[in-house]
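Okay, so here's the structure we're looking at.
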Amino acid sequence: MFMRKSLMAGLALFGLAATNAPAALSDDDFVEAAWMTTRFYGAQRSGEGPNWMADGTNYTTSFMKDTYKGQDVSGGWFDCGDHVMFGQTQGFGAYVLALAYAEFTEGFYDLYTGDYTDYKASGDYSRAGGKPNKVRDLLEELRYEADFWVKAAPSETDFVAVKGNGDYDHKNWVTPGKMSTMGTEEGGDPRTMQANTDDAFTSGMVAAFMAVMARVEPDAERQAKYLKAAQNAYAYSKAHKGVTTSGSYYNSGWWDGRTGDGTFLGALELYRTTNNETYKTEAKSAFDQLKFESGSYSRLNYANAVPLSVVMGKGVFGWDPASGNKKDVKEFLDGIYKNQSDANGIFTKETGGGGSFSVRTPSGGAFLYGLYSKFTGTDDYEALIEKNVAYLLGDNANSKSYVAGFDRNGAKAPVAVHHRGYYANEDPSKNPDSDLKPPAKNKYFGAMIAGAFNNQGHNSKVGSWDENEVCVDINAPMVGALGYILSKKAPKTDAEIGSPVQAIAGKVAAPSGALRMVGSNGSYVVSNAQKTPFTVEVFDLKGTLVQKLQSQGGDVTLQPKAKGVLNIRVKSSGAEIVRTLNNL
(Lines give C-alpha, C1' and ligand atoms only; values in the text may rest on other atoms or scores of the structure.)
Protein backbone atom coordinates (compact mmCIF):
# COMPACT_ATOMS: atom_id res chain seq x y z
CA MET A 1 0.00 0.00 0.00
CA PHE A 2 0.98 3.64 -0.16
CA MET A 3 3.64 4.91 2.22
CA ARG A 4 2.23 6.61 5.32
CA LYS A 5 2.16 10.35 5.49
CA SER A 6 5.01 12.02 7.34
CA LEU A 7 2.74 12.48 10.37
CA MET A 8 2.75 8.73 10.94
CA ALA A 9 6.54 8.62 11.07
CA GLY A 10 6.48 11.46 13.57
CA LEU A 11 4.07 9.58 15.81
CA ALA A 12 6.40 6.59 15.80
CA LEU A 13 9.30 8.77 16.96
CA PHE A 14 7.30 9.81 20.00
CA GLY A 15 6.33 6.24 20.79
CA LEU A 16 2.72 6.69 19.73
CA ALA A 17 0.87 4.00 17.85
CA ALA A 18 0.50 4.37 14.11
CA THR A 19 -2.44 2.79 12.31
CA ASN A 20 -2.10 0.37 9.42
CA ALA A 21 -4.37 2.44 7.17
CA PRO A 22 -2.75 3.52 3.89
CA ALA A 23 -2.40 7.19 3.10
CA ALA A 24 -5.33 8.20 0.92
CA LEU A 25 -4.74 10.04 -2.33
CA SER A 26 -5.11 13.78 -1.92
CA ASP A 27 -7.17 15.95 -4.24
CA ASP A 28 -3.90 17.16 -5.74
CA ASP A 29 -2.87 13.57 -6.49
CA PHE A 30 -6.04 13.16 -8.53
CA VAL A 31 -5.39 16.49 -10.26
CA GLU A 32 -1.87 15.36 -11.15
CA ALA A 33 -3.12 12.06 -12.53
CA ALA A 34 -5.87 13.77 -14.55
CA TRP A 35 -3.38 16.27 -16.00
CA MET A 36 -0.99 13.52 -17.06
CA THR A 37 -3.54 11.10 -18.50
CA THR A 38 -5.21 13.92 -20.45
CA ARG A 39 -1.99 15.35 -21.90
CA PHE A 40 -1.11 11.83 -23.08
CA TYR A 41 -3.36 12.52 -26.08
CA GLY A 42 -1.09 15.38 -27.11
CA ALA A 43 1.70 12.81 -27.53
CA GLN A 44 -0.59 10.75 -29.80
CA ARG A 45 -1.12 13.50 -32.36
CA SER A 46 -0.50 12.54 -35.96
CA GLY A 47 -0.07 15.17 -38.67
CA GLU A 48 0.92 18.77 -38.18
CA GLY A 49 0.31 18.69 -34.46
CA PRO A 50 1.81 20.22 -32.48
CA ASN A 51 2.78 17.04 -30.65
CA TRP A 52 4.56 17.91 -27.39
CA MET A 53 6.51 14.64 -27.37
CA ALA A 54 8.05 15.49 -30.74
CA ASP A 55 9.64 18.66 -29.34
CA GLY A 56 13.41 18.31 -29.50
CA THR A 57 13.40 15.68 -32.26
CA ASN A 58 14.40 16.23 -35.88
CA TYR A 59 10.86 15.61 -37.15
CA THR A 60 8.11 17.51 -35.38
CA THR A 61 5.35 16.65 -37.87
CA SER A 62 4.30 13.26 -39.24
CA PHE A 63 2.32 11.62 -42.03
CA MET A 64 1.42 14.86 -43.75
CA LYS A 65 0.74 12.97 -47.01
CA ASP A 66 -2.30 11.05 -45.71
CA THR A 67 -4.96 11.52 -48.38
CA TYR A 68 -8.25 10.01 -49.46
CA LYS A 69 -9.63 10.67 -52.96
CA GLY A 70 -7.00 13.38 -53.32
CA GLN A 71 -8.14 15.20 -50.16
CA ASP A 72 -6.08 15.75 -47.01
CA VAL A 73 -6.95 13.41 -44.13
CA SER A 74 -3.86 13.98 -42.00
CA GLY A 75 -4.22 14.31 -38.25
CA GLY A 76 -6.03 12.38 -35.57
CA TRP A 77 -4.49 10.19 -32.89
CA PHE A 78 -2.10 7.26 -33.20
CA ASP A 79 -3.67 4.06 -31.93
CA CYS A 80 -1.21 2.75 -29.34
CA GLY A 81 2.58 2.62 -29.15
CA ASP A 82 2.62 2.53 -32.93
CA HIS A 83 1.79 5.07 -35.66
CA VAL A 84 -1.25 3.51 -37.32
CA MET A 85 -4.60 5.24 -36.91
CA PHE A 86 -7.08 2.49 -36.12
CA GLY A 87 -10.56 4.03 -36.01
CA GLN A 88 -11.96 1.05 -34.10
CA THR A 89 -10.23 2.08 -30.86
CA GLN A 90 -9.98 5.75 -31.70
CA GLY A 91 -13.73 6.22 -32.22
CA PHE A 92 -14.53 4.39 -28.99
CA GLY A 93 -11.90 6.27 -26.98
CA ALA A 94 -12.88 9.68 -28.37
CA TYR A 95 -16.56 9.14 -27.54
CA VAL A 96 -15.78 8.03 -23.97
CA LEU A 97 -13.65 11.15 -23.46
CA ALA A 98 -16.19 13.54 -24.98
CA LEU A 99 -19.02 11.98 -22.98
CA ALA A 100 -16.99 12.33 -19.79
CA TYR A 101 -16.28 15.97 -20.65
CA ALA A 102 -19.97 16.68 -21.24
CA GLU A 103 -21.18 14.96 -18.07
CA PHE A 104 -18.35 15.83 -15.63
CA THR A 105 -17.26 19.17 -17.11
CA GLU A 106 -16.23 20.78 -13.84
CA GLY A 107 -13.85 17.91 -13.12
CA PHE A 108 -11.62 18.88 -16.07
CA TYR A 109 -9.13 21.68 -15.46
CA ASP A 110 -7.17 24.22 -17.49
CA LEU A 111 -3.51 23.59 -16.62
CA TYR A 112 -1.77 24.12 -19.97
CA THR A 113 -2.04 25.69 -23.39
CA GLY A 114 -3.26 23.36 -26.12
CA ASP A 115 -0.39 24.06 -28.53
CA TYR A 116 2.18 23.31 -25.76
CA THR A 117 4.07 26.55 -26.35
CA ASP A 118 3.98 27.07 -22.58
CA TYR A 119 6.06 23.95 -21.93
CA LYS A 120 8.40 24.71 -24.79
CA ALA A 121 8.98 28.27 -23.55
CA SER A 122 9.57 27.24 -19.94
CA GLY A 123 11.60 24.14 -20.79
CA ASP A 124 9.63 22.43 -18.03
CA TYR A 125 7.29 19.64 -19.16
CA SER A 126 6.03 18.90 -15.67
CA ARG A 127 2.68 20.24 -14.53
CA ALA A 128 4.44 23.32 -13.14
CA GLY A 129 5.62 24.29 -16.63
CA GLY A 130 2.10 24.68 -18.01
CA LYS A 131 0.20 27.92 -18.43
CA PRO A 132 -3.62 28.12 -18.39
CA ASN A 133 -5.31 29.71 -21.41
CA LYS A 134 -8.98 29.73 -20.27
CA VAL A 135 -9.86 26.55 -22.18
CA ARG A 136 -10.23 23.24 -20.39
CA ASP A 137 -7.36 20.96 -21.43
CA LEU A 138 -9.49 17.99 -22.41
CA LEU A 139 -11.56 20.13 -24.78
CA GLU A 140 -8.38 21.18 -26.60
CA GLU A 141 -7.25 17.57 -26.93
CA LEU A 142 -10.69 16.57 -28.21
CA ARG A 143 -10.74 19.38 -30.76
CA TYR A 144 -7.65 17.99 -32.44
CA GLU A 145 -9.35 14.63 -32.85
CA ALA A 146 -12.65 16.17 -33.96
CA ASP A 147 -10.97 18.31 -36.60
CA PHE A 148 -9.57 15.10 -38.11
CA TRP A 149 -12.96 13.39 -38.33
CA VAL A 150 -14.38 16.40 -40.15
CA LYS A 151 -11.97 15.41 -42.94
CA ALA A 152 -12.35 11.64 -42.58
CA ALA A 153 -16.18 11.64 -42.70
CA PRO A 154 -16.69 14.09 -45.57
CA SER A 155 -20.03 12.71 -46.79
CA GLU A 156 -22.74 10.18 -45.98
CA THR A 157 -21.08 7.64 -48.29
CA ASP A 158 -17.39 8.19 -47.50
CA PHE A 159 -15.66 7.17 -44.31
CA VAL A 160 -11.96 6.56 -43.60
CA ALA A 161 -11.68 3.88 -40.90
CA VAL A 162 -7.93 3.13 -40.82
CA LYS A 163 -4.79 4.98 -41.90
CA GLY A 164 -1.63 2.92 -42.37
CA ASN A 165 -0.67 -0.74 -42.35
CA GLY A 166 0.09 -2.42 -39.02
CA ASP A 167 2.60 -4.89 -40.45
CA TYR A 168 4.60 -2.15 -42.19
CA ASP A 169 4.39 0.16 -39.20
CA HIS A 170 5.75 -2.35 -36.71
CA LYS A 171 9.01 -3.01 -38.57
CA ASN A 172 10.87 -0.04 -37.07
CA TRP A 173 11.18 1.43 -33.60
CA VAL A 174 11.44 5.13 -34.47
CA THR A 175 9.51 8.34 -33.92
CA PRO A 176 6.46 8.98 -36.11
CA GLY A 177 8.19 11.86 -37.85
CA LYS A 178 11.17 9.71 -38.78
CA MET A 179 8.97 6.82 -39.91
CA SER A 180 7.07 9.20 -42.20
CA THR A 181 10.24 9.60 -44.27
CA MET A 182 10.95 5.88 -44.69
CA GLY A 183 8.59 4.84 -47.50
CA THR A 184 5.34 2.88 -47.58
CA GLU A 185 6.67 -0.62 -46.83
CA GLU A 186 8.61 0.71 -43.84
CA GLY A 187 5.49 2.34 -42.40
CA GLY A 188 6.05 5.75 -43.96
CA ASP A 189 4.46 8.04 -46.56
CA PRO A 190 2.40 7.55 -48.56
CA ARG A 191 0.23 5.32 -46.38
CA THR A 192 -2.64 3.07 -47.41
CA MET A 193 -6.20 3.90 -46.35
CA GLN A 194 -8.97 1.51 -45.33
CA ALA A 195 -12.02 3.48 -46.42
CA ASN A 196 -15.64 2.69 -47.22
CA THR A 197 -15.50 -0.65 -45.42
CA ASP A 198 -18.61 -2.41 -44.15
CA ASP A 199 -18.39 -0.79 -40.73
CA ALA A 200 -21.29 0.37 -38.58
CA PHE A 201 -19.40 0.33 -35.28
CA THR A 202 -16.52 2.74 -35.93
CA SER A 203 -18.62 5.20 -37.92
CA GLY A 204 -21.36 5.10 -35.28
CA MET A 205 -18.90 5.79 -32.47
CA VAL A 206 -17.49 8.69 -34.46
CA ALA A 207 -21.05 9.99 -34.96
CA ALA A 208 -21.63 9.84 -31.21
CA PHE A 209 -18.32 11.58 -30.50
CA MET A 210 -18.91 14.37 -33.01
CA ALA A 211 -22.49 14.91 -31.85
CA VAL A 212 -21.24 15.47 -28.30
CA MET A 213 -18.55 17.81 -29.61
CA ALA A 214 -21.21 19.81 -31.47
CA ARG A 215 -22.99 20.18 -28.13
CA VAL A 216 -20.05 21.19 -25.92
CA GLU A 217 -17.97 23.22 -28.38
CA PRO A 218 -18.18 26.99 -27.62
CA ASP A 219 -17.17 28.12 -31.12
CA ALA A 220 -20.17 28.37 -33.48
CA GLU A 221 -18.17 27.60 -36.64
CA ARG A 222 -16.73 24.43 -35.13
CA GLN A 223 -20.17 23.46 -33.81
CA ALA A 224 -21.58 23.45 -37.35
CA LYS A 225 -18.68 21.42 -38.79
CA TYR A 226 -18.82 18.88 -36.00
CA LEU A 227 -22.57 18.39 -36.32
CA LYS A 228 -22.30 17.87 -40.08
CA ALA A 229 -19.55 15.27 -39.61
CA ALA A 230 -21.69 13.54 -36.96
CA GLN A 231 -24.62 13.35 -39.36
CA ASN A 232 -22.37 12.05 -42.15
CA ALA A 233 -20.87 9.34 -39.95
CA TYR A 234 -24.27 8.33 -38.61
CA ALA A 235 -25.79 8.01 -42.09
CA TYR A 236 -22.80 5.85 -43.05
CA SER A 237 -23.28 3.71 -39.93
CA LYS A 238 -26.95 3.09 -40.71
CA ALA A 239 -26.09 1.93 -44.22
CA HIS A 240 -23.51 -0.63 -43.08
CA LYS A 241 -22.99 -3.43 -40.59
CA GLY A 242 -20.15 -4.98 -38.65
CA VAL A 243 -16.74 -3.45 -37.99
CA THR A 244 -13.52 -3.13 -40.01
CA THR A 245 -11.05 -6.01 -39.86
CA SER A 246 -7.44 -4.81 -39.97
CA GLY A 247 -5.39 -7.93 -40.41
CA SER A 248 -4.04 -9.41 -37.21
CA TYR A 249 -4.38 -6.15 -35.27
CA TYR A 250 -8.15 -5.75 -35.12
CA ASN A 251 -10.36 -8.59 -36.28
CA SER A 252 -14.12 -8.21 -36.53
CA GLY A 253 -14.54 -11.54 -34.74
CA TRP A 254 -13.31 -9.94 -31.52
CA TRP A 255 -16.60 -8.01 -31.33
CA ASP A 256 -18.61 -11.26 -31.40
CA GLY A 257 -21.45 -9.43 -33.17
CA ARG A 258 -21.52 -6.51 -30.71
CA THR A 259 -21.30 -3.81 -33.39
CA GLY A 260 -24.74 -2.21 -33.21
CA ASP A 261 -23.71 -0.09 -30.23
CA GLY A 262 -22.05 2.40 -32.56
CA THR A 263 -25.30 3.07 -34.44
CA PHE A 264 -27.30 3.24 -31.21
CA LEU A 265 -24.96 5.68 -29.46
CA GLY A 266 -24.69 7.79 -32.61
CA ALA A 267 -28.48 8.15 -32.75
CA LEU A 268 -28.71 8.80 -29.00
CA GLU A 269 -26.16 11.61 -29.03
CA LEU A 270 -27.58 13.20 -32.19
CA TYR A 271 -30.96 13.25 -30.46
CA ARG A 272 -29.47 14.91 -27.38
CA THR A 273 -27.80 17.53 -29.56
CA THR A 274 -30.59 18.29 -32.05
CA ASN A 275 -33.80 17.21 -30.26
CA ASN A 276 -34.88 15.58 -33.54
CA GLU A 277 -37.39 12.85 -32.66
CA THR A 278 -36.33 10.76 -35.66
CA TYR A 279 -33.02 10.05 -33.95
CA LYS A 280 -34.85 8.86 -30.82
CA THR A 281 -37.00 6.50 -32.87
CA GLU A 282 -33.95 5.10 -34.64
CA ALA A 283 -32.08 4.83 -31.33
CA LYS A 284 -34.89 2.67 -29.93
CA SER A 285 -34.77 0.36 -32.93
CA ALA A 286 -30.99 -0.03 -32.58
CA PHE A 287 -31.20 -0.45 -28.79
CA ASP A 288 -33.66 -3.33 -29.07
CA GLN A 289 -31.19 -5.22 -31.28
CA LEU A 290 -28.12 -4.88 -29.05
CA LYS A 291 -26.32 -8.00 -27.81
CA PHE A 292 -27.16 -7.47 -24.13
CA GLU A 293 -26.58 -11.04 -23.01
CA SER A 294 -23.19 -11.33 -24.69
CA GLY A 295 -22.18 -7.91 -23.44
CA SER A 296 -23.07 -8.73 -19.84
CA TYR A 297 -20.20 -11.19 -19.45
CA SER A 298 -17.34 -8.88 -20.37
CA ARG A 299 -15.99 -5.55 -19.14
CA LEU A 300 -16.24 -2.30 -21.07
CA ASN A 301 -13.70 -2.12 -23.88
CA TYR A 302 -13.51 -1.11 -27.54
CA ALA A 303 -14.94 -4.52 -28.59
CA ASN A 304 -17.74 -4.47 -26.00
CA ALA A 305 -19.53 -1.14 -25.69
CA VAL A 306 -22.73 -2.85 -24.50
CA PRO A 307 -22.22 -1.82 -20.83
CA LEU A 308 -21.91 1.81 -21.94
CA SER A 309 -25.02 1.51 -24.12
CA VAL A 310 -26.95 0.08 -21.16
CA VAL A 311 -26.05 3.03 -18.93
CA MET A 312 -26.77 5.60 -21.65
CA GLY A 313 -30.05 3.99 -22.72
CA LYS A 314 -31.33 4.11 -19.17
CA GLY A 315 -29.85 7.49 -18.29
CA VAL A 316 -31.15 9.35 -21.34
CA PHE A 317 -34.31 7.48 -22.33
CA GLY A 318 -35.20 5.33 -19.32
CA TRP A 319 -34.82 2.08 -21.30
CA ASP A 320 -33.81 -1.16 -19.60
CA PRO A 321 -31.67 -3.88 -21.19
CA ALA A 322 -33.27 -7.17 -22.18
CA SER A 323 -30.59 -9.46 -20.76
CA GLY A 324 -31.75 -12.62 -19.02
CA ASN A 325 -32.01 -11.90 -15.30
CA LYS A 326 -30.00 -8.68 -15.58
CA LYS A 327 -32.74 -6.35 -16.78
CA ASP A 328 -31.88 -3.62 -14.29
CA VAL A 329 -28.90 -1.36 -15.07
CA LYS A 330 -27.52 -1.66 -11.55
CA GLU A 331 -27.66 -5.45 -11.74
CA PHE A 332 -26.04 -5.34 -15.16
CA LEU A 333 -23.08 -3.27 -13.93
CA ASP A 334 -22.74 -5.07 -10.62
CA GLY A 335 -22.65 -8.40 -12.45
CA ILE A 336 -19.56 -7.30 -14.38
CA TYR A 337 -17.83 -5.24 -11.70
CA LYS A 338 -18.95 -5.04 -8.08
CA ASN A 339 -19.89 -8.71 -7.81
CA GLN A 340 -16.57 -9.69 -9.39
CA SER A 341 -14.37 -7.56 -7.11
CA ASP A 342 -11.79 -8.80 -4.66
CA ALA A 343 -11.96 -8.48 -0.88
CA ASN A 344 -10.87 -4.84 -1.13
CA GLY A 345 -13.50 -3.93 -3.72
CA ILE A 346 -11.13 -3.85 -6.69
CA PHE A 347 -12.62 -5.02 -9.98
CA THR A 348 -10.48 -8.01 -10.93
CA LYS A 349 -12.60 -9.97 -13.40
CA GLU A 350 -10.75 -10.72 -16.67
CA THR A 351 -7.47 -9.70 -15.10
CA GLY A 352 -4.19 -11.36 -14.30
CA GLY A 353 -0.98 -11.63 -16.25
CA GLY A 354 0.27 -10.15 -19.48
CA GLY A 355 -2.09 -10.04 -22.42
CA SER A 356 -5.30 -9.55 -20.47
CA PHE A 357 -4.88 -5.75 -20.42
CA SER A 358 -5.98 -5.85 -16.81
CA VAL A 359 -6.21 -2.10 -16.27
CA ARG A 360 -9.30 -1.83 -18.45
CA THR A 361 -11.46 -3.42 -15.75
CA PRO A 362 -10.97 -1.06 -12.77
CA SER A 363 -10.93 2.07 -14.92
CA GLY A 364 -13.91 1.05 -17.06
CA GLY A 365 -15.94 0.11 -14.01
CA ALA A 366 -15.10 3.36 -12.26
CA PHE A 367 -16.12 5.37 -15.32
CA LEU A 368 -19.42 3.52 -15.80
CA TYR A 369 -20.37 3.82 -12.14
CA GLY A 370 -19.55 7.52 -12.39
CA LEU A 371 -21.98 7.90 -15.29
CA TYR A 372 -24.60 5.83 -13.49
CA SER A 373 -24.19 7.98 -10.39
CA LYS A 374 -24.56 11.18 -12.41
CA PHE A 375 -27.74 10.02 -14.11
CA THR A 376 -29.39 8.68 -10.95
CA GLY A 377 -28.09 11.20 -8.43
CA THR A 378 -26.73 8.45 -6.16
CA ASP A 379 -23.51 8.59 -4.18
CA ASP A 380 -23.51 4.89 -3.29
CA TYR A 381 -20.49 4.17 -5.47
CA GLU A 382 -18.22 7.07 -4.50
CA ALA A 383 -15.83 5.01 -2.38
CA LEU A 384 -15.76 2.18 -4.91
CA ILE A 385 -14.93 4.55 -7.77
CA GLU A 386 -12.10 6.23 -5.88
CA LYS A 387 -10.74 2.91 -4.66
CA ASN A 388 -10.42 1.44 -8.15
CA VAL A 389 -8.81 4.57 -9.58
CA ALA A 390 -6.41 4.73 -6.63
CA TYR A 391 -5.49 1.09 -7.19
CA LEU A 392 -4.27 1.94 -10.69
CA LEU A 393 -2.27 4.86 -9.28
CA GLY A 394 -0.32 2.65 -6.90
CA ASP A 395 -2.61 2.01 -3.94
CA ASN A 396 -2.18 -1.75 -4.16
CA ALA A 397 -0.20 -4.48 -2.43
CA ASN A 398 2.75 -4.04 -4.81
CA SER A 399 2.67 -0.23 -4.85
CA LYS A 400 2.57 -0.40 -8.65
CA SER A 401 1.33 2.63 -10.54
CA TYR A 402 0.11 1.75 -14.01
CA VAL A 403 0.40 5.33 -15.31
CA ALA A 404 3.75 6.24 -16.87
CA GLY A 405 5.29 8.98 -14.74
CA PHE A 406 2.92 8.81 -11.78
CA ASP A 407 5.09 7.93 -8.79
CA ARG A 408 3.53 9.86 -5.95
CA ASN A 409 3.21 8.38 -2.46
CA GLY A 410 6.03 5.92 -3.14
CA ALA A 411 4.27 4.29 -6.09
CA LYS A 412 6.46 2.56 -8.65
CA ALA A 413 5.77 3.88 -12.15
CA PRO A 414 6.19 1.74 -15.31
CA VAL A 415 9.83 1.30 -16.36
CA ALA A 416 9.59 0.08 -19.98
CA VAL A 417 6.72 1.81 -21.77
CA HIS A 418 5.92 0.22 -25.15
CA HIS A 419 5.69 3.40 -27.25
CA ARG A 420 7.89 4.44 -30.16
CA GLY A 421 7.71 8.20 -29.73
CA TYR A 422 8.46 8.03 -26.00
CA TYR A 423 12.14 7.24 -26.58
CA ALA A 424 12.69 9.87 -29.31
CA ASN A 425 14.78 7.34 -31.24
CA GLU A 426 15.39 8.11 -34.92
CA ASP A 427 17.83 5.27 -35.67
CA PRO A 428 16.02 2.40 -37.51
CA SER A 429 18.80 -0.05 -36.63
CA LYS A 430 17.81 -0.02 -32.96
CA ASN A 431 15.22 -2.38 -31.51
CA PRO A 432 12.97 -1.67 -28.52
CA ASP A 433 15.18 -3.48 -26.05
CA SER A 434 18.48 -1.90 -27.11
CA ASP A 435 18.75 0.08 -23.88
CA LEU A 436 16.62 2.99 -25.14
CA LYS A 437 16.17 5.83 -22.65
CA PRO A 438 13.45 8.49 -22.90
CA PRO A 439 14.37 12.19 -22.79
CA ALA A 440 13.86 13.77 -19.36
CA LYS A 441 10.96 15.89 -20.63
CA ASN A 442 8.96 12.73 -21.40
CA LYS A 443 8.95 11.56 -17.79
CA TYR A 444 5.37 12.66 -17.21
CA PHE A 445 4.00 10.78 -20.20
CA GLY A 446 0.65 9.94 -18.58
CA ALA A 447 0.01 6.77 -20.61
CA MET A 448 -1.59 3.86 -18.77
CA ILE A 449 0.08 0.55 -19.60
CA ALA A 450 -1.80 -2.73 -20.17
CA GLY A 451 -0.41 -4.04 -16.90
CA ALA A 452 -0.36 -7.30 -14.97
CA PHE A 453 -1.84 -7.45 -11.48
CA ASN A 454 -0.29 -10.75 -10.43
CA ASN A 455 3.37 -9.63 -10.71
CA GLN A 456 5.11 -7.83 -7.88
CA GLY A 457 7.12 -5.57 -10.17
CA HIS A 458 6.82 -4.05 -13.62
CA ASN A 459 7.98 -5.88 -16.73
CA SER A 460 11.34 -4.38 -17.76
CA LYS A 461 11.19 -5.30 -21.48
CA VAL A 462 10.02 -2.51 -23.80
CA GLY A 463 9.11 -5.10 -26.41
CA SER A 464 6.64 -6.79 -24.05
CA TRP A 465 3.54 -5.21 -25.51
CA ASP A 466 1.31 -7.59 -23.53
CA GLU A 467 2.15 -5.70 -20.33
CA ASN A 468 3.70 -2.41 -21.45
CA GLU A 469 1.51 -1.39 -24.42
CA VAL A 470 -0.34 1.93 -24.19
CA CYS A 471 -3.42 2.89 -26.24
CA VAL A 472 -5.86 5.76 -26.69
CA ASP A 473 -8.76 3.53 -25.68
CA ILE A 474 -7.02 2.40 -22.47
CA ASN A 475 -6.55 5.93 -21.14
CA ALA A 476 -10.05 7.15 -21.98
CA PRO A 477 -12.11 5.57 -19.14
CA MET A 478 -9.36 6.49 -16.65
CA VAL A 479 -9.52 10.14 -17.72
CA GLY A 480 -13.30 9.97 -17.44
CA ALA A 481 -13.22 8.42 -13.97
CA LEU A 482 -10.72 11.03 -12.75
CA GLY A 483 -12.95 13.77 -14.15
CA TYR A 484 -15.89 12.36 -12.21
CA ILE A 485 -13.89 12.21 -8.97
CA LEU A 486 -12.68 15.81 -9.33
CA SER A 487 -16.15 17.05 -10.30
CA LYS A 488 -17.28 15.84 -6.88
CA LYS A 489 -14.20 16.60 -4.76
CA ALA A 490 -12.75 19.77 -6.30
CA PRO A 491 -14.92 21.12 -9.15
CA LYS A 492 -13.89 24.11 -11.27
CA THR A 493 -16.70 26.24 -12.69
CA ASP A 494 -16.52 28.04 -16.02
CA ALA A 495 -16.16 31.27 -14.08
CA GLU A 496 -13.15 29.90 -12.19
CA ILE A 497 -11.58 28.65 -15.42
CA GLY A 498 -12.28 32.01 -17.03
CA SER A 499 -13.88 30.54 -20.14
CA PRO A 500 -16.80 32.47 -21.66
CA VAL A 501 -20.13 30.68 -21.90
CA GLN A 502 -20.42 31.14 -25.66
CA ALA A 503 -22.13 27.84 -26.31
CA ILE A 504 -25.48 28.99 -24.91
CA ALA A 505 -26.68 30.48 -28.18
CA GLY A 506 -26.11 27.22 -30.00
CA LYS A 507 -28.07 25.01 -27.62
CA VAL A 508 -31.41 23.41 -28.45
CA ALA A 509 -34.45 23.43 -26.23
CA ALA A 510 -35.14 20.50 -23.96
CA PRO A 511 -37.60 17.80 -25.01
CA SER A 512 -41.16 18.87 -24.26
CA GLY A 513 -42.24 18.02 -20.74
CA ALA A 514 -38.74 17.50 -19.35
CA LEU A 515 -37.16 20.73 -18.08
CA ARG A 516 -39.42 23.69 -17.39
CA MET A 517 -39.01 27.18 -16.00
CA VAL A 518 -42.10 29.20 -15.22
CA GLY A 519 -42.75 32.38 -13.27
CA SER A 520 -42.42 36.14 -13.37
CA ASN A 521 -41.58 39.21 -11.29
CA GLY A 522 -38.23 37.89 -10.15
CA SER A 523 -39.34 34.42 -8.97
CA TYR A 524 -39.25 31.29 -11.14
CA VAL A 525 -39.96 27.62 -10.46
CA VAL A 526 -37.66 25.22 -12.29
CA SER A 527 -38.67 21.56 -12.59
CA ASN A 528 -37.66 18.34 -14.29
CA ALA A 529 -40.45 15.93 -15.19
CA GLN A 530 -37.94 13.06 -15.23
CA LYS A 531 -37.10 13.73 -11.56
CA THR A 532 -33.39 13.35 -12.22
CA PRO A 533 -30.68 15.79 -11.04
CA PHE A 534 -30.29 19.13 -12.79
CA THR A 535 -28.49 22.44 -12.35
CA VAL A 536 -29.65 26.01 -12.80
CA GLU A 537 -26.95 28.52 -13.78
CA VAL A 538 -27.32 32.27 -14.14
CA PHE A 539 -24.90 34.24 -16.34
CA ASP A 540 -24.55 37.94 -16.98
CA LEU A 541 -24.02 39.25 -20.51
CA LYS A 542 -20.24 38.87 -20.15
CA GLY A 543 -20.71 35.14 -19.66
CA THR A 544 -19.76 35.25 -15.99
CA LEU A 545 -21.51 32.75 -13.74
CA VAL A 546 -23.24 34.80 -11.05
CA GLN A 547 -25.53 32.23 -9.42
CA LYS A 548 -25.97 28.46 -9.35
CA LEU A 549 -28.59 26.10 -7.93
CA GLN A 550 -28.42 22.31 -7.77
CA SER A 551 -31.38 19.93 -7.60
CA GLN A 552 -31.44 16.19 -7.06
CA GLY A 553 -34.67 16.03 -9.04
CA GLY A 554 -37.14 18.12 -7.09
CA ASP A 555 -38.44 21.59 -8.01
CA VAL A 556 -36.30 24.59 -7.12
CA THR A 557 -37.19 28.27 -6.90
CA LEU A 558 -34.89 30.69 -8.65
CA GLN A 559 -34.79 34.28 -7.48
CA PRO A 560 -32.02 35.95 -9.51
CA LYS A 561 -29.71 38.01 -7.35
CA ALA A 562 -28.11 39.96 -10.20
CA LYS A 563 -29.92 42.74 -12.06
CA GLY A 564 -30.18 43.39 -15.79
CA VAL A 565 -30.30 41.01 -18.76
CA LEU A 566 -29.40 37.48 -17.68
CA ASN A 567 -28.99 34.12 -19.43
CA ILE A 568 -30.44 31.19 -17.49
CA ARG A 569 -29.20 27.70 -18.32
CA VAL A 570 -31.04 24.67 -16.91
CA LYS A 571 -29.18 21.44 -17.56
CA SER A 572 -29.79 17.76 -16.79
CA SER A 573 -27.95 14.72 -18.09
CA GLY A 574 -30.26 14.35 -21.06
CA ALA A 575 -31.54 17.84 -21.83
CA GLU A 576 -30.93 21.55 -21.57
CA ILE A 577 -32.92 24.75 -21.89
CA VAL A 578 -31.76 28.35 -22.07
CA ARG A 579 -33.82 31.40 -21.19
CA THR A 580 -33.01 35.09 -21.37
CA LEU A 581 -34.75 37.45 -18.97
CA ASN A 582 -34.48 41.04 -17.85
CA ASN A 583 -34.33 41.16 -14.06
CA LEU A 584 -35.11 44.78 -13.26
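Tabulated values for the structure
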{"item": "Convex hull projection area averaged over all views, the chain, Cα basis, nm²", "result": "26.9 nm²"}
{"item": "Student exercise, the range 110-180 dipole from Lys, Arg, Asp, Glu Cβ charges, in Debye to nearest 20", "result": "260 debye"}
{"item": "Potential extension, A121-D256 segment - 0.36 nm per residue separation minus Cα distance", "result": "43.7 nm"}
{"item": "The range 142-233: Cα Rg divided by the 2.2 N^0.38 Å rule of thumb", "result": "1.25"}
{"item": "Solvent-accessible heavy-atom area per residue, rounded to whole Å², over the range 414-501 at 1.4 Å", "result": "37 Å²"}
{"item": "Principal axes of the range 226-384: Cα extent on each, largest first, Å", "result": "47, 43, 31"}
{"item": "Proximal aspartates and glutamates relative to K531, as straight alpha-carbon distance under 12 Å, when same-chain residues fewer than 8 apart are discounted", "result": "D555"}
{"item": "Net charge of Cβ neighbours under 9 Å - reference R299; Lys, Arg +1; Asp, Glu -1", "result": "+1"}
{"item": "Solvent-accessible surface (1.4 angstrom probe) belonging to T281, in square angstrom, nearest 10", "result": "90 Å²"}
{"item": "Length released on extending from T157 to V546, taking residue separation times 0.36 nm less the Cα-Cα span", "result": "135.4 nm"}
{"item": "Two-site FRET efficiency, A239 against K437, from Cβ-Cβ distance with R₀ of 45 Å, rounded to 0.05", "result": "0.35"}
{"item": "Other-chain or far-sequence residues with amide H under 5 Å of S401's (modelled H)", "result": "K412, A413"}
{"item": "Cut-off 14 Å between beta-carbons: net charge of the residues surrounding G49, Lys and Arg +1, Asp and Glu -1", "result": "-4"}
{"item": "Nitroxide proxy distance, nm - points 7 Å out along Cα→Cβ at T278 and E186", "result": "5.1 nm"}
{"item": "Exceeding the 19 Å Cα-Cα cut-off - candidates K131/K400; K134/K492; K120/K163; K131/K488", "result": "K131/K400; K120/K163; K131/K488"}
{"item": "Within the accessible area of the range 198-299 (1.4 Å probe), percent carbon and sulfur", "result": "48 percent"}
{"item": "Distance violations [Cα-Cα > 19 Å] among K430/K461; K349/K412; K387/K489; K374/K571; K327/K387; K314/K374", "result": "K349/K412; K327/K387"}
{"item": "Projected label distance in nm at N454 and T535, using a 7 Å step from Cα toward the beta-carbon", "result": "4.4 nm"}
{"item": "For the range 107-225, accessible area per residue (1.4 Å probe, heavy atoms of protein chains only), Å²", "result": "34 Å²"}
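The values are calculated or read from the model by the stated rules, or taken from the named source; none is laboratory data. Predicted model, so just to flag it, every value in this text is computed and none were measured. Every residue, glycine among them, receives a Cβ derived from its backbone with ideal geometry; neighbour counts consider all protein chains shown. Each accessible area value is taken on the protein alone, full model and side chains, heavy atoms only, with ligands, DNA and RNA left out. Shrake-Rupley method; radii C 1.70, N 1.55, O 1.52, S 1.80 Å.
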